[in-house]
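Taking it in order: structure first as structure tokens, then the write-up.
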Amino acid sequence: MQLSKERVDAFLAELNQAVRVYVPARGEAVSSFARYGQGTEPAFDLVNTDMPPKDMLFPQTEKMYRYGLDDEGKPFVDATFDADEVVLFGVRPCDMRSIECMDDVFLTRGFIDEYYETRRQKLTTFALACTAPAPTCFCDSMGLNAGQAPAADVLLKDVGAAWQLAAQSEKGAALLGKYKGFFDESDVQDAGAKNSDSVSCTLKVDMDGVKEKLDQMFDHPLWEDITKKCLTCGTCTYVCPTCYCFDISQSNRMKIGERYRCWDSCMFSVYSEMAGGHNPRADKLSRVRQRFMHKLCFFEDRYGKSLCVGCGRCIQKCPVALDISCLIDDIGAAELAPVALAGEKGAGDGKH
């Protein structure tokens, strides 16, 4: 099944009448996924948008519920679930993997986040296979195939003058069936087709043994070297598609209040500060270490996959060029302190 590139706008315009359609688009300052229509020009040539599409499921600011006293003085709490049906069109494979990671966090291990769940159930994803990764992309080193996105509802591949569409879920098949008048059943590729089945990134890292090595590197001097460079500005956490730290605050007026969830960052000193004033990560080193250990070690302990998807956004946007791909190489090259065996001098003295 194919969608002619000449009919993409007509298809999106028709789809946008029924659901909210979001496409990659260039803005005045940054590129992001924007609502189709109203002057939005899709930018499907972008390898990755500056801002990831995670706010489709995890908004930067989200009203959770209202509370207070009604006219009769009785207390009330009204939860807010205002999600609409959304189609995310043109999301890249790395960002689809990031949605899988967010699903793990908000929908598994015995806890369901109802706000995330509501949006996830109403989201349909059209993934666009990559044909030419950016110089900062290294998703294939993180176990992804830039030409595949198995978690997407529909996969799009460039076949020249058209996109080839393949439904990968019941939801995707149902949507394609509903709008089948826009599609051609042909699977023929023309001379302008781009091969997305064997895409390779130019930036490579070796992840073999990195997680196991990090298990032994909590107090390694490497963290001191990284910390000297980092500004803890939080840029990396906001452009990262898998960062999900948040804060909860409220606005109170007379008898009515509203509670909000907002993006936060583990790089900020107040993030881990407790009500009594204690802060387990008050110093910069502990915060820098936590971010990278979580991405490359702790998340895999809990969910069986890396929290880094190799999108390269943090490499592009870090103001001091703190490159996670270089860090991975440094971890691989780092020497570990020898562990004394039982019976050897120093064994059991609490220093090893």
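The values are calculated or read from the model by the stated rules, or taken from the named source; none is laboratory data. The model shown is predicted, which means the values in this text are computed figures rather than measured ones. Note that we place each Cβ from the backbone using ideal geometry, even for glycine, and neighbour counts take in every protein chain shown. Note: accessible area is taken over every heavy atom of the protein model, side chains too, but ligands, DNA and RNA are not part of it. Shrake-Rupley method; radii C 1.70, N 1.55, O 1.52, S 1.80 Å.
Need the failing condition index for residue 64 against (1) of a type outside the set (Asp, Glu); (2) out of contact with any Lys or Arg (no Cβ under 8 Å at 6 or more places or on another chain); (3) open to solvent by less than 30 Å² (accessible area, probe 1.4 Å), just the number. That leaves (2) as the condition not met. All of 25, 83, 34 fail the test of being at pLDDT below 95, within 19 Å of residue 126 (Cβ to Cβ) and aliphatic (A, V, I, L, M), apart from 83.
Matching residues to (1) of a type in the set (S, T, N, Q); (2) open to solvent by 10 Å² or more (accessible area, probe 1.4 Å); (3) closer than 14 Å to residue 95 by Cβ:
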{"site": "119", "(1), (2), (3)": "no, yes, no"}
{"site": "123", "(1), (2), (3)": "no, no, yes"}
{"site": "126", "(1), (2), (3)": "no, no, yes"}
{"site": "129", "(1), (2), (3)": "no, no, yes"}
{"site": "133", "(1), (2), (3)": "no, yes, yes"}
{"site": "143", "(1), (2), (3)": "no, yes, no"}
{"site": "148", "(1), (2), (3)": "yes, yes, yes"}
{"site": "151", "(1), (2), (3)": "no, yes, yes"}
{"site": "157", "(1), (2), (3)": "no, yes, no"}
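Taking the criterion of being in contact with a strand residue (DSSP E or B) (Cβ under 8 Å, 6 or more places away or on another chain) and within 18 Å of residue 246 (Cα to Cα), the residues of the range 95-122 that qualify are 99, 114, 115, 119. Helices (runs of 4 or more DSSP H) fully within the range 170-274 that include at least 3 residues being farther than 24 Å from residue 303 by Cβ and open to solvent by 40 Å² or more (accessible area, probe 1.4 Å): 170-178, 222-229.
Restricting to the range 322-332, name every residue that is open to solvent by 40 Å² or more (accessible area, probe 1.4 Å) and touching a residue at least 40 places away in the same chain (Cβ under 8 Å). Show your work before the answer.
Just the residues of the range 322-332 that are open to solvent by 40 Å² or more (accessible area, probe 1.4 Å), to begin with: 326, 329-330, 332.
Scanning the range 322-332 gives 329, 330, 332.
Taking every residue in the range 109-122 that is at positive phi and pairing it with any residue that is open to solvent by less than 60 Å² (accessible area, probe 1.4 Å), at least 6 positions away or on another chain, the pairs with Cβ-Cβ distances below 9 Å are 109/303.
Answer yes or no as to whether residue 286 is open to solvent by less than 20 Å² (accessible area, probe 1.4 Å) and polar (S, T, N, Q). Yes.
From 61, 49, 40, grab the single residue that is touching a Pro at 6+ places or on another chain (Cβ under 6 Å) and polar (S, T, N, Q).
Numbers: 61 fails: touching a Pro at 6+ places or on another chain (Cβ under 6 Å); 40 fails: touching a Pro at 6+ places or on another chain (Cβ under 6 Å).
Matching residue, one of 61, 49, 40: 49.
Evaluation of residue 309 against the conditions (1) buried (at least 17 other Cβ atoms within 10 Å of the Cβ); (2) modelled with pLDDT under 95; (3) not polar (S, T, N, Q) shows that the sole unmet condition is (2).
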